[in-house]
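Below you'll find the structure, written out as structure tokens, and then a few comments.
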Amino acid sequence: MIGEATREQTSHSGPEAVLLYDDWYPALRSSEVRGSTMAKAVLLGVPLVLGRTSTGRYFAMRDSCPHRGIPLSYGWFDGQRVTCRYHGWAFEPVSGQCRDIPSLTSRDSLDPVRIYAAAFPCEERDGHLWVYMPQPGSGRLRTEDATRLPAIPEVPKFSRRYRAAHLAAELPCSVDHGIIGLMDPAHGPFVHQAWWWRSRHSIHEKAKQFEPIENGFRMTAHQPSANSAPYKLLGVYGQPVTTTIDFVLPNRRYETIRAGDKWFASLTTVTPTTDNHCRIDVCAAWNIFLNVPFLTSIAKFFGRRFVRQDQLTMIQQAEGLKYNPSLMLIDDADRPAKWYFELKQARLESQASGAPMRHPMSGPVTLRWRS
């Protein structure tokens with residue numbers, strides 16, 4: 001992790017956000033669960049224990065034994081079963097089905113296999129373990145239900161050969177503040193001041209076209225800002241450089257930069273861990289400058305500094321949010337934030353009514369701001 005906010009800051013960061021369920025969220029890096037090692041994570045306020053079976057299947061269980069509630073992460077995992085350390089109840093971790101209750105005698109009629117610990121669909125993509133988080137109270141997901149789940153997110157890729165890198169940081173704020181900070185187009189010259197990025201003196205007016213897409217919106221393909229040095233590097237390939245940025249519910253920002261057959265793509269997510277705490281994860285892939293020594297290390301160095309600047313700003317913002325101040329959103333720079341809240345409300349209404357989701361955007365629109 002790049003850094004962590006203090007517990008006091010985390011617990012006093014403003015009103016709680018309404019969480020979106022029935023979707024995939026990144027829990028942790030898949031490298032944390034090699035062999036019979038289990039790892040813990042928290043998603044949407046749910047404590048999880050994750051691992052990988054001896055047959056190669058990843059699993060995510062609620063970190064709580066259904067018998068007495070002790071965390072299963074205190075128990076044992078032999079590659080096939082997770083065993084509770086309190087009474088030895090053993091569970092098949094992918095389904096959560098109980099396979100053994102040692103205290104039962106031949107006189108007991110209780111059939112252990114009819115008991116289930118809570119388990120969630122879990123899959124690996126781009127070095128992250130993604131967990132599907134259903135609506136609380138919706139019951140156990142059966143095998144046939146899993147086939148109807150939405151696609152698991154992943155970074156777009158446009159060639160077989162590429163490099164990749166990951167970054168993560170804890171944010172002491174609700175997922176709403178994390179997301180609208182992620183999509184904010186006007187903070188760059190102030191938060192990300194650096195010789196290799198932008199400065200206050202480079203601010204100029206911009207006009208970008210946006211269009212509705214399923215569950216989100218897109219900043220359509222455009223030439224990158226002239227005051228962003230990293231984008232200028234692609235000019236060495238002698239091809240026009242274009243950038244496309246998508247936001248997709250519940251928490252995903254995709255950015256794709258193309259210069260002929262050269263490309264850079266990233267998926268950034270803001271994941272709620274608790275009501276007033278979230279985590280930003282960045283996974284990037286690229287096929288540019290593949291022969292440059294130490295490129296991945298260099299990219300991660302600058303990437304960490306970039307994300308750390310956002311993290312520090314959110315820590316400072318949390319100092320003000322703990323007093324629940326009145327806030328405002330303006331046009332046009334804050335219009336993407338408004339669309340996010342409207343999309344979120346439309347999804348909640350659709351889930352409650354069963355009707356198709358109503359998109360808040362009726363068609364393409366051009367926004368203008370200075371940054």
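The values are calculated or read from the model by the stated rules, or taken from the named source; none is laboratory data. Since the model is a prediction, treat every value here as computed from it, not as a measurement. A quick note on method: Cβ atoms are made from the backbone with ideal geometry, for glycine too, and the neighbour counts reach across all protein chains shown.
For segment 170-206, the tally of residues that are of a type outside the set (A, V, I, L, M, F, W, C) and modelled with pLDDT under 75 stands at 7. Considering every residue within segment 325-335, establish whether at least one is part of a helix (DSSP H, G or I) and among the charged types (D, E, K, R). There is at least one residue in segment 325-335 that is part of a helix (DSSP H, G or I) and among the charged types (D, E, K, R).
Determine whether Ala146 is of a type in the set (Gly, Ala, Ser), surrounded by fewer than 17 Cβ atoms within 10 Å (Cβ to Cβ), free of Cβ contacts under 8 Å to residues at least 24 places away in the same chain and not assigned by TED's automatic domain parsing to the domain that holds Leu43. The answer is no for Ala146.
Of all residues in segment 47-83, those that are buried (at least 19 other Cβ atoms within 10 Å of the Cβ) and in contact (Cβ under 8 Å) with a residue 24 or more places away in the chain total 14.
Look at segment 341-357: where a residue is more than 16 Å from Ser174 (Cβ to Cβ) and a partner is of a type in the set (Lys, Arg) and not in a helix (DSSP H, G or I), sitting 6+ places away or on another chain with Cβ atoms under 9 Å, you get Ala346/Arg358; Glu349/Arg358; Ser350/Arg358. Within the set Phe217, Phe247, Phe210, Phe158, the sole residue that is more than 23 Å from Leu367 (Cα to Cα) and modelled with pLDDT of 85 or more turns out to be Phe158.
Go through segment 319-348 and give me each residue that's loosely packed, with under 14 Cβ neighbours inside 10 Å and within 21 Å of Trp369 (Cα to Cα). Correct list: Leu327, Met328, Leu329, Ile330, Asp331.
Just so you know, in segment 330-351 the residues that are among the aliphatic types (A, V, I, L, M) and under 24 Å from the mean Cα position of the chain (by Cα) include one that is modelled with the lowest pLDDT, and it is Ala333. What do you reckon, is Pro15 at pLDDT 95 or above and either crowded, with 16+ Cβ neighbours inside 10 Å or part of a loop (DSSP other than H, G, I, E, B) (or both)? No, not satisfied.
Within segment 78-115, the set of residues being among the hydroxyl-bearing types (Ser, Thr, Tyr) and under 18 Å from Arg62 (Cα atoms) comprises Thr83, Tyr86, Ser95. Candidates Arg140, Arg163: the one that is closer than 30 Å to Gly303 by Cβ, surrounded by 12 or more Cβ atoms within 10 Å (Cβ to Cβ) and touching a residue at least 40 places away in the same chain (Cβ under 8 Å) is Arg163.
Restricting attention to segment 267-301, and to residues there that are at pLDDT below 90 and within 24 Å of Asn251 (Cα to Cα), which single residue is surrounded by the fewest Cβ atoms within 10 Å (Cβ to Cβ)?
If we take residues in segment 267-301 being at pLDDT below 90 and within 24 Å of Asn251 (Cα to Cα), then Lys300 is surrounded by the fewest Cβ atoms within 10 Å (Cβ to Cβ).
If the requirement is being among the aromatic types (Phe, Trp, Tyr), in contact with a Gly (Cβ under 6 Å, 6 or more places away or on another chain) and surrounded by 15 or more Cβ atoms within 10 Å (Cβ to Cβ), which of these qualifies: Phe264, Phe247, Phe306? Being among the aromatic types (Phe, Trp, Tyr), in contact with a Gly (Cβ under 6 Å, 6 or more places away or on another chain) and surrounded by 15 or more Cβ atoms within 10 Å (Cβ to Cβ) holds for just one of Phe264, Phe247, Phe306, which is Phe247.
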